[in-house]
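Before any comments, here is the structure.
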Amino acid sequence: MKKIISLLLLMMITVLCKAQSIEVKYSVYSKQRKEQIDKIMRNPNNQEHNGLFAGLNIEKEDSFCLVVKNRQSSYVRLEPDEDLREGGGVKIILVNASYSEEDHAVYKDLSNRTVVEVRDLLAEAYIIEKTAPQYSWKLSSDSKDIMGLKCYRAVLNDTVTAWFCPEIPISEGPDLYWGLPGLILDLEDNRNIYRCISIDTNSRSELAGKKHGKKVSAERFEEIKKLALER
């Protein structure tokens, strides 16, 4: 009887572990956005529109949520409360050949090393399926505490610095990043600064649902973007 109870308890723990997920929220600051706004404000041709551009928050940070469950994950933008209210006034979205702040989401399936990237372009969604990128991380003994957790530094091509937590042994991170022996909590590359602002290792959250859109290759998406923005 004791063996049966132990077996049933083990089965329950296994089921519970499988049902749980990890939920991480990141604050993301875009260096590219700041560069684009600086260019807009310095352009003499835009002086007559200064009143319109004055509302652009150059230090704006976006919030994203990463949910990891059974080697699958979703990474999606969280809409600010003010964007959900009606009558919020004019909202300016910056889009050009090198930068876009339209919606962007990433879905990883590390069981088969695949990634689905959903990118909006001029209000139309495009689905890009590809192999998960392989990163040649260099690990360091440098450490610091993030959210009360000890994290270690890793670098990639001297342009990306990540801080990962071995106490949370899942090879995941924000956006397309992954591949370290622990969850990436903070990261900085030449485009963005990702900063962990909350973490729940015992979450009941499900993966975010995927948007519908037009399936294209990464190369084809770049072609479509170039043609659309040259009009």
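The values are calculated or read from the model by the stated rules, or taken from the named source; none is laboratory data. No experiment lies behind these values; they were computed from the predicted model shown. We place every Cβ from the backbone using ideal geometry, glycine too, and count neighbours over all the protein chains shown. Side chains are part of the model used for accessible areas, which takes the heavy atoms of the whole protein and leaves out ligands, DNA and RNA. Shrake-Rupley method; radii C 1.70, N 1.55, O 1.52, S 1.80 Å.
Structure summary
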item: Hits in segment 155-192 - residues which are surrounded by 17 or more Cβ atoms within 10 Å (Cβ to Cβ), over 19 Å from ILE22 (Cβ atoms) and modelled with pLDDT of 95 or more; result: LEU156
item: Segment 193-231 - residue that is assigned to a loop (DSSP other than H, G, I, E, B) and within 30 Å of ILE168 (Cβ to Cβ) and, of those, most open to solvent (accessible area, probe 1.4 Å); result: ARG204
item: Where a residue in segment 62-82 is closer than 13 Å to SER171 by Cβ and its partner, wherever it lies, is open to solvent by 40 Å² or more (accessible area, probe 1.4 Å) and of a type in the set (Gly, Ala, Ser), with Cβ under 6 Å and at least six apart; result: ARG71/SER111
item: Test: residue in segment 127-148 that is out of contact with any Gly (no Cβ under 7 Å at 6 or more places or on another chain), open to solvent by less than 90 Å² (accessible area, probe 1.4 Å), at positive phi and not hydroxyl-bearing (Ser, Thr, Tyr); result: yes
item: Failed item in (1) over 12 Å from the mean Cα position of the chain (by Cα); (2) closer than 21 Å to HIS104 by Cα, with LEU187 passing the rest; result: (1)
